[in-house]
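Here's the structure, in structure tokens; my notes come after.
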Amino acid sequence: MPRRRRLRKVVAPPSFRGYKPYGNKKSSKIPVELYYEEYEAIKLADYDSLSQLEASKIMGVSRPTFARIYASARQKIAIALTETREIITVYGHAVLDKDWYQCKKCHSKFSLPPQADQFHCPLCQSENFQSINPEK
Ligand SMILES: [Zn+2]
């Protein structure tokens, strides 16, 4: 039986569903799938400039596991840039630290404070939204 992979904590999902190259009509049709935890690794290490140890603690994984996720993320982004491929974001093995929702009208992603009594999109006020947390 394959070893069950532990879920990696992600503070916030990526605020986009993907990236598309432009200026190249011959771009590959096969998108690169960037996992939520890979996006989080790039954000923590390269955007927030945290050490791999600090970032691994935030994501609830060991430092070597973080290094693997980070290396995989960079490899995928390099492939997308070099082969002009789209990037799409997928859950992978992530668990979000709050309940996150996506508005079906304006596509923004948001979480609601636990004391919220109004359930609507904070951006467009639409009440048409869905949970984006993977099944627990
Ligand atoms: Zn909205």
Exercise. Which ranges mark the strands (runs of 3 or more DSSP E) fully within segment 40-128 that have 3 or more residues being closer than 30 Å to K26 by Cα, modelled with pLDDT of 90 or more and within 15 Å of the chain's Cα centre (by Cα)?
Worked result: 87-90
Exercise. With respect to S15, is the statement that it is in contact (Cβ under 8 Å) with a residue 24 or more places away in the chain and open to solvent by 60 Å² or more (accessible area, probe 1.4 Å) true?
Worked result: yes
For this session: Spot the failing condition for A67; the list is (1) open to solvent by less than 40 Å² (accessible area, probe 1.4 Å); (2) touching a residue at least 40 places away in the same chain (Cβ under 8 Å); (3) away from the ligand (no atom under 16 Å from the Cβ); (4) on the phi < 0 side of the Ramachandran plot, and only one is missed.
Result: (2)
For this session: Considering only segment 93-109, state which residues are surrounded by 16 or more Cβ atoms within 10 Å (Cβ to Cβ) and near the ligand (Cβ under 8 Å from one of its atoms).
Result: C103
Problem set entry | Members of segment 114-136 found to be within 30 Å of Y70 (Cα to Cα) and either open to solvent by 40 Å² or more (accessible area, probe 1.4 Å) or not hydrophobic (A, V, I, L, M, F, W, C) (or both), listed by number | Q130, S131, N133, P134, E135, K136
For this session: Select from segment 120-133 the residues that are of a type outside the set (S, T, N, Q) and within 12 Å of the ligand (Cβ to nearest atom) and list them in ascending order.
Result: H120, C121, P122, L123, C124, E127, F129
Exercise. Which one of these does N24 not meet: (1) touching a residue at least 12 places away in the same chain (Cβ under 8 Å); (2) surrounded by 15 or more Cβ atoms within 10 Å (Cβ to Cβ); (3) farther than 24 Å from H107 by Cβ?
Worked result: (2)
Problem set entry | Evaluation of K20 against (1) over 20 Å from I132 (Cβ atoms); (2) at pLDDT 95 or above (one fails), failing number | (2)
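The values are calculated or read from the model by the stated rules, or taken from the named source; none is laboratory data. Keep in mind that what you see is a predicted model, and the values were worked out from it rather than measured. Note that each Cβ is placed from the backbone with ideal geometry, even for glycine, and that neighbours are counted across all protein chains shown. Note: areas computed on protein heavy atoms with side chains; ligands, DNA, RNA excluded. Shrake-Rupley method; radii C 1.70, N 1.55, O 1.52, S 1.80 Å.
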